[in-house]
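S.K.: Next up is a structure, given as structure tokens.
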Amino acid sequence: MEGGEIVLSQEFREELENYILLHYRPEGATERHFDDDDEKPLPSGVALGAIAAAISPNLFKGIDYLIAKLGATFSEKLMWWIKKQGRKPVDVYSAIDISKEHFAKIRNNPQYHPTKGTALAFAIALHLNMEDTKDLLKRAGYALTDSSKSDVIVMCFLEKGIYKIDEINAVLYSYNCKPLTNWRGNK
């Protein structure tokens, strides 16, 4: 870093540009066309109440069964990763510049719902690979997508094994994307 500015090699900058060109899909997924036969309208005169009354009581047993099989939440999986890596929680949360109080909320509330940026920042601080990052994000209700320029940039860093949050935030900022954390360009 020179004078608070992240300096990326020209080679990496070119790789990042190529990665964005190959993976970024601003229009989202390709269009999918469905046959008219796939969607069958309800017969005329069928009320939603009649449909609700026809739902099998076994459906609710199935929902209860699925709820009982829920996996670890974001908070639980985050704490599992910290313990598995033998890391001190303070080292992890300070690496992404969140407060002790904020981390305590995450740790003490299994149902805590972080922002996508915070969830990604934790994955980066823990040096998770792409598969484990996607798993951690999924537990917070998020996904990485090729229709988001910031996601594509983060995916490029993950695939390269570059886990420097300040560099990632600086590159996101340079592409007019929101940084993952409360990063300030003048650090």
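S.K.: Give the residues of region 88-107 that are in a loop (DSSP other than H, G, I, E, B) and at pLDDT below 95, sorted by residue number.
M.R.: Ile96, Asp97, Ile98, Ser99
S.K.: Right, something else. Cβ-Cβ under 8 Å, sequence separation 6+ or interchain: first residue in region 92-115 and without any contact (Cβ under 8 Å) to a residue 40 or more places away in the chain and exposed (fewer than 12 other Cβ atoms within 10 Å of the Cβ), partner outside any helix (DSSP H, G or I) and not hydrophobic (A, V, I, L, M, F, W, C). Which pairs?
M.R.: Gln111/Thr73
S.K.: How many residues does region 1-27 hold that are outside any loop (DSSP other than H, G, I, E, B) and either at pLDDT below 70 or not hydroxyl-bearing (Ser, Thr, Tyr) (or both)?
M.R.: Adding up the residues that qualify gives 15.
S.K.: Restricted to region 133-143, and to residues that are touching a residue at least 12 places away in the same chain (Cβ under 8 Å) and not polar (S, T, N, Q), which residue is surrounded by the fewest Cβ atoms within 10 Å (Cβ to Cβ)? Outline the logic, then answer.
M.R.: Our first condition is that a residue be touching a residue at least 12 places away in the same chain (Cβ under 8 Å); within region 133-143, this holds for 133, 135-137, 139-142.
Next, from what is left, pick out any that are not polar (S, T, N, Q): 135-137, 139-142.
Details: Asp135: 16, Leu136: 23, Leu137: 21, Arg139: 18, Ala140: 22, Gly141: 11, Tyr142: 19.
That would be Gly141.
S.K.: Another question, then. Of Pro114, Pro110, which residue is at pLDDT 60 or above and within 24 Å of Lys164 (Cβ to Cβ)?
M.R.: Pro114
S.K.: Do the conditions hold for His113, that is, is it at negative phi and assigned to a helix (DSSP H, G or I)?
M.R.: Details: at negative phi: yes; assigned to a helix (DSSP H, G or I): no.
Answer is no for this residue.
The values are calculated or read from the model by the stated rules, or taken from the named source; none is laboratory data. Quantities reported herein were computed from a predicted structural model and do not represent experimental measurements. Because the Cβ atoms are built from the backbone with ideal geometry, glycine has one as well, and the counts that use them run over all protein chains shown.
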